[in-house]
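The values are calculated or read from the model by the stated rules, or taken from the named source; none is laboratory data. All of these numbers come straight from a predicted model, not from anything done at the bench. Neighbour counts run over all protein chains shown; Cβ positions are idealised from the backbone, glycine included. Please note that ligands, DNA and RNA were not included when accessible areas were found on the heavy atoms of the full protein model with its side chains. Shrake-Rupley method; radii C 1.70, N 1.55, O 1.52, S 1.80 Å.
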Amino acid sequence: MLIKPVKKALFPVAGLGTRFLPATKAIPKEMLPIVDKPLIQYAVEEAREAGIEQFIFITGRGKAVMEDHFDHAVELEQVLRDRDKTEDLQTVLDCSPPAGQLAYARQQNPLGLGHAVWCGRNFIGDEPFAVLSADDLILGKPGCLKQMLDIYNQVGGNVVAVEEVPRKHTGRYGILDIETDDGKIAKAKGLVEKPDPAVAPSTLSIIGRYILQPDIFNILGEHKKGVGGEIQLTDAMAAMIGTTDFHGTRFEGRRFDCGGRLGFIEANIAFALSRADLREGVLKIIKDYA
Ligand code: UTP
């Protein structure tokens, strides 16, 4: 089996972020900071660490600030240079991938994650690619996508990151119908989007990291609506099972659902505690409030 390398990644960032209103009325959810870095930057850094060379953002109205974030900030850089703020200058410069590696496509209407991915088809062409959902933030070493690519390079096909969830929560996720499972990698014979706990085929849920074969664009191009009236990525992946192998890989690390308030707050605490410069101060604050 020929396993083609993955060099491109899609970042769907066109969602409305309704769970985070009013913060997301004028600011993209993906620009909300965890400690001092926006969510989208963590996702881009995870992709860069995994060897991704092309970064394709699927944006929408009100999301243009992300283009500025990954561009040069000429005035700011000059001021930092003039003031000899070398460390801050480096932090600002480190935000941008090298010139020519970023592209932006618009999803004019937020019709669902599957539709957002389909909007990137002309940038991907006939290659396997990664999809990273910035609101699923993962604290892991190496990063989650790097771990997934190590597995993908052995098994090929479609690979997603998975984790166990309590059965009562299966209705929030895409869930694997498992054929075989060695405790690290599960081969799926089916997928169900947001199943009721009573009928969920397992409790192994898909989180926002995917490695996909380009054939998925043919299926997404049919624009079939699924749960919630949205064009679901899970449904398209499920339709490929039988012709394309599908594996879920458990990753090492901790995932935070930063699309919701509690997950976002937890991520801020966890990331702050993982930093030597903040740990002590944050522990003191938590103790004071406990
Ligand atoms: P979510 O399911 O979290 O949806 O999308 P959302 O609209 O961002 O947030 P809520 O549920 O209203 O609070 C997961 C990822 O897919 C992107 C989002 O931007 C997010 O990064 N997405 C979702 C799109 O790009 N387009 C869509 O049509 C839907």
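List of remarks:
- Pairs exceeding 19 Å between alpha-carbon atoms, taken from 8/63; 37/63; 7/146; 4/184: 8/63; 4/184.
- For the range 46-93: rounded, prolate or oblate by the Cα gyration tensor [a/c cutoff 1.5]: oblate
- Across the range 224-229, coupling constants 3J(HN,Hα) worked out from phi with the 6.51/-1.76/1.60 Karplus curve, θ = phi - 60°, read 6, 8, x, 3, x, x Hz, and Gly and Pro carry x.
- Surface share of carbon and sulfur [accessible, 1.4 angstrom probe, percent] for the chain: 52 percent
- In a reduced charge model with +1 at each Lys and Arg Cβ and -1 at each Asp and Glu Cβ, the range 219-290 shows a dipole moment near 260 debye about its Cα centre.
- Backbone amide hydrogens, once placed in the peptide plane, bring residue 245 within less than 5 Å of 158, excluding anything fewer than 5 places away on its chain.
- Taken about its Cα centre, the range 1-127 carries a charge dipole of about 740 debye when Lys and Arg each add +1 at the Cβ and Asp and Glu each add -1 at the Cβ.
- For the pair the range 123-183 and the range 212-290, the centres of their Cα atoms are 9 angstrom apart.
- Heavy-atom accessible area per residue - the chain, 1.4 Å, Å²: 50 Å²
- Of all the options 84, 235, 135, the one that moves most in a Gaussian network model of the chain with Cα springs shorter than 10 angstrom is 84.
- Computed from label points 7 Å out along Cα-Cβ, the spacing between residue 198 and residue 139 is 3.8 nm.
- For residue 106, residues with placed amide H under 5 Å, excluding near neighbours: 59
- When only the Cβ of Lys, Arg, Asp and Glu is charged (+1, +1, -1, -1), the dipole of the chain relative to its Cα centre reaches about 660 debye.
- Loop exposure criterion: GluC sites (Glu not before Pro), DSSP state outside H, G, I, E and B, at most 13 other Cβ atoms within 10 Å. Applied to the chain, the longest stretch between such sites is 1-221.
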